[in-house]
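Just so it is clear, none of the values below were taken in a lab; they were calculated from the coordinates. As the structure is a prediction and not an experimental result, all values here were calculated from the model. Positions of Cβ are generated from backbone atoms using ideal geometry, with glycine treated the same way; all protein chains shown enter the neighbour counts.
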Amino acid sequence: MGKIMFIDDDAMVLRMVGFIMKKSGDQILTADCGKQGIADARKEQPDIIFVDAEMPETDGFEVIRRLKADSVTAGIPVYMMSGTVTDEIIAEAKELGAADIVEKPLNAAMILDIIKNTGGN
């Protein structure tokens, strides 16, 4: 069983991923802001992190920047989630070290495939 973290300021998204993850058998960790997500990632060391691009205060780009700069979390695959996927967002996320971009609204099958192929359950 893997640990999968979702960082998103949208409570509806966090509820939805909770429903999706019940079927996976993996442990789900959630954080509703970037700052908390970074702290929890250091503490819990999840196998995979999904982070929303657009959040107040600490956005997804800054979360990835901090996670990849920290030796404790640098090796964790991070997937950026965004409702607006542009070439610029893709380029910046990849440059910062994101494994890939996941378009919102989230697709359960896609999330489960990413987890399976990245080393979750």
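Listing for the model above:
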| quantity | calculated |
| --- | --- |
| Ranked Thr84, Thr73, criterion: other C-beta atoms within 10 Å, fewest first | Thr84, Thr73 |
| Whole-Å semi-axes of segment 20-121's equivalent ellipsoid (Cα gyration tensor) | 19, 17, 13 |
| Residue-span extension gain [Glu44 to Asp87] - 0.36 nm each, minus C-alpha spacing | 12.3 nm |
| Length released on extending from Gln36 to Ser71, taking residue separation times 0.36 nm less the Cα-Cα span | 10.8 nm |
| Helix-derived mean residue ellipticity, 222 nm - over the chain, DSSP H n ≥ 4, -39500 (n - 2.57), to 500 | -13500 deg cm²/dmol |
| Anchor Lys68: lysines whose Cα lies under 17 Å away (excluding residues fewer than 8 positions away in-chain) | Lys35, Lys43, Lys94 |
| Kirkwood-Stokes translational diffusion coefficient of segment 51-99, alpha-carbon pairs, 37 °C, 0.692 mPa s, µm²/s | 305 µm²/s |
| Order of Ser71, Ser24 - criterion: other Cβ atoms within 10 Å of each residue's Cβ, fewest first | Ser71, Ser24 |
| Selected from Arg65, Arg15, Arg42 as most flexible by GNM, with the chain as the system and alpha-carbon contacts under 10 Å | Arg15 |
| Rounded to whole Hz, the Karplus (6.51, -1.76, 1.60) HN-Hα couplings of segment 98-106, x for glycine and proline | 5, 5, 5, 10, 10, 7, 8, x, 5 |
| Listed residues Ala91, Ala41, Ala99, most fluctuating in the chain (Gaussian network, C-alpha, under 10 Å) | Ala91 |
| Vicinal HN-Hα couplings computed from phi for segment 79-88 (Karplus, 6.51 cos²θ - 1.76 cosθ + 1.60; Hz; Gly/Pro x) | 10, 7, 10, 7, x, 10, 9, 10, 4, 5 |
